[in-house]
1. Failed condition for A:VAL64, given (1) part of a helix (DSSP H, G or I); (2) in contact with a strand residue (DSSP E or B) (Cβ under 6 Å, 6 or more places away or on another chain); (3) more than 21 Å from B:GLN70 (Cα to Cα), with all others met?
2. How about region A:104-118: which of its residues are of a type in the set (Gly, Ala, Ser) and either more than 9 Å from chain B (Cβ to nearest Cβ) or surrounded by fewer than 24 Cβ atoms within 10 Å (Cβ to Cβ) (or both)?
3. Every residue in region A:133-162 that is more than 7 Å from chain B (Cβ to nearest Cβ) and under 19 Å from A:PRO232 (Cα atoms), please.
4. Of the residues in region A:6-27, how many are closer than 19 Å to A:ARG154 by Cα and within 14 Å of chain B (Cβ to nearest Cβ)?
5. Go through region B:126-144 residue by residue and tally those that are over 14 Å from B:LYS104 (Cα atoms) and either part of a helix (DSSP H, G or I) or in contact (Cβ under 8 Å) with a residue 40 or more places away in the chain (or both).
6. For region B:244-264, which residues satisfy the criterion of being buried (at least 20 other Cβ atoms within 10 Å of the Cβ) and assigned to a helix (DSSP H, G or I)?
7. If you take the residues in region B:164-173 that are outside any helix (DSSP H, G or I) and within 7 Å of another protein chain (Cβ to nearest Cβ), which one is surrounded by the most Cβ atoms within 10 Å (Cβ to Cβ)?
Number of protein chains: 2
Amino acid sequence: MHFADTLIARLRELSHPLCAGIDPHLGLVPPLFRRGTMEATDPETPAAVEELVGAFLDRLPGRVAIVKPQIAFFEQLGAAGVAMLERVVVAARERELLVLLDAKRGDIASTAEGYARAYLEPGAGAECDAITLNPYLGRDTLEPFVLRAESFGRGLFVLVKTSNPGSGDLQDLELKDGPVYEVVAGGLAQLAERLVGPATGWSSLGLVVGGIYPEQQERVRERAPKSLFLVPGYGAQGGGAADALRGFVAGPSGLEGGIVNSSRGLMFPEAAARAEDAASWERAVDGAIDRAAGELGEAVAR
Amino acid sequence: MHFADTLIARLRELSHPLCAGIDPHLGLVPPLFRRGTMEATDPETPAAVEELVGAFLDRLPGRVAIVKPQIAFFEQLGAAGVAMLERVVVAARERELLVLLDAKRGDIASTAEGYARAYLEPGAGAECDAITLNPYLGRDTLEPFVLRAESFGRGLFVLVKTSNPGSGDLQDLELKDGPVYEVVAGGLAQLAERLVGPATGWSSLGLVVGGIYPEQQERVRERAPKSLFLVPGYGAQGGGAADALRGFVAGPSGLEGGIVNSSRGLMFPEAAARAEDAASWERAVDGAIDRAAGELGEAVAR
């Protein structure tokens, strides 16, 4: 398996690039699923979260190709949360969903080995298809992840331009050759070459480029023509479909070149918060997913 | 409690700034503690690691003020490893050691909340005194951690200049006002002001500055006069005592202004690898700690 080739093939089948984020904010868990206080330290909380996430996963097969669990929401529940993440990852892969772990890890190489082993090796408790990484420590620290990508067909998405208000503090500072985020993207081109897929020409070394920065996406695409983009910030964080796709390029069946993530908008749509039974919760979530997928599907088809 | 004030008071008592890193590399676990294959996926591995780490913690009271567990080495063991980390953190705090979790987390604010809750809140499974953070996403993403530092007296160490060979890829790039790492350090000065301790004037917003870069330490110290430094890379990664202290300044009882970490050198000294019984392992580890503490103690006293 090659991550980028597999992902692109599934996205072409579905005709949209929607990625379903799994960010179980405790305060947003709908009444239907709540138990106890829903504090992070309440022993009843992990079971409530697991039930919600499991019900959400059941809505996804045939609707999206890939899910992105945010590990912080599991870590906040302690070891019980991490054990739950392991079960969630298994459940997602059993449903033939690709799993991109949003962990944003970054550490010196001997330590990065530990993270690569934890999330990208066959047989790991939370064995994922791809992971997000932080570039601050330098390219040598990405190497343990690149090796797993080569050996086991995994995918990597390195932070370039993030979608938060303060992302410019460091990422937008001007260097001789352009802003930091562009230089980071350009500096990864050689690593990206090592992970190019034979079927599609897309690389499994992807980049994270926030959807609320459409011009920045175009500039990153120039520097990184083969890297898939993970575009966060679609929906709840304010970006629209056309803006989210500014780094995409023409493919055999419409625009392609990445995935567009929505988290809160899919797992916590307003109508789902009011649902009084499982069937109406399912309808609310199905509706939210289908609307987002439809909107993105139309935008890539144009 | 105020993290920087408490830490500085304990360092003054001990007269050296040594921090004991807890990086349980599976391949380095000495024969005395090994069980099964020592692969990350072997169910016997966590117990072997826990026994080693517990024996190591027992050597530390009265010898060092602070320990730095590297979370990747626990995460690589899956949920069982995270459960073990929780017990290790409790055991360390019971021994009146301060615990600095080396997690290098960084994410958008709503997600960073999860990490802050996981490691800095009272009652969290792995409740630590301080944590390392990554600055790539911008200052707004540090805010959830700063709030916990203010409310619960925690400490933060933000990556500035790391000790790995590739740290220059991004950190050394030249901006108008100096290299990236210096600008990052300078950009944190206001946040550092918010966390200044009443007793010592040192801030609980610290910085990570690699010990193999002595000149860079001096330059960062100019930009960040109140921030404690976490200096990694002492011992195994090649830095000497004088170089590690180049960002320290004169205090009431010698040079002060940070902690100097050694991991492999203390937990895995050569003599401990050959130990055939607990007593000789203890002697080897005690010797390694006392040598490092003595060397640093002499260097700060000069």
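1. In the conditions (1) part of a helix (DSSP H, G or I); (2) in contact with a strand residue (DSSP E or B) (Cβ under 6 Å, 6 or more places away or on another chain); (3) more than 21 Å from B:GLN70 (Cα to Cα), A:VAL64 misses (1) alone.
2. Restricting attention to region A:104-118, the residues satisfying the condition of being of a type in the set (Gly, Ala, Ser) are A:106, A:109-110, A:112, A:114, A:116, A:118.
Within region A:104-118, A:ALA109, A:SER110, A:ALA112 meet the criteria.
3. A:LEU133, A:GLY155, A:LEU156, A:PHE157, A:VAL158, A:VAL160, A:LYS161
4. Of the residues in that region, 1 qualify.
5. Counting residues in region B:126-144 that are over 14 Å from B:LYS104 (Cα atoms) and either part of a helix (DSSP H, G or I) or in contact (Cβ under 8 Å) with a residue 40 or more places away in the chain (or both) gives 6.
6. Once the filter is applied, which keeps residues that are buried (at least 20 other Cβ atoms within 10 Å of the Cβ) and assigned to a helix (DSSP H, G or I), region B:244-264 yields only B:ALA244.
7. B:ASN164
Each row is one residue, and each column tells you yes or no for (1) of a type in the set (A, V, I, L, M, F, W, C); (2) modelled with pLDDT of 95 or more; (3) closer than 28 Å to B:GLU295 by Cα.
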site: B:LEU11; (1), (2), (3): yes, yes, yes
site: B:LEU14; (1), (2), (3): yes, yes, yes
site: B:PRO17; (1), (2), (3): no, yes, yes
site: B:GLY21; (1), (2), (3): no, yes, yes
site: B:MET38; (1), (2), (3): yes, yes, no
site: B:ASP58; (1), (2), (3): no, yes, yes
site: B:ILE71; (1), (2), (3): yes, yes, yes
site: B:ALA79; (1), (2), (3): yes, yes, no
site: B:ALA83; (1), (2), (3): yes, yes, no
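The values are calculated or read from the model by the stated rules, or taken from the named source; none is laboratory data. Model, not experiment: these values are computed from the prediction. All Cβ positions, glycine included, derive from the backbone under ideal geometry; neighbour counts span all protein chains shown.
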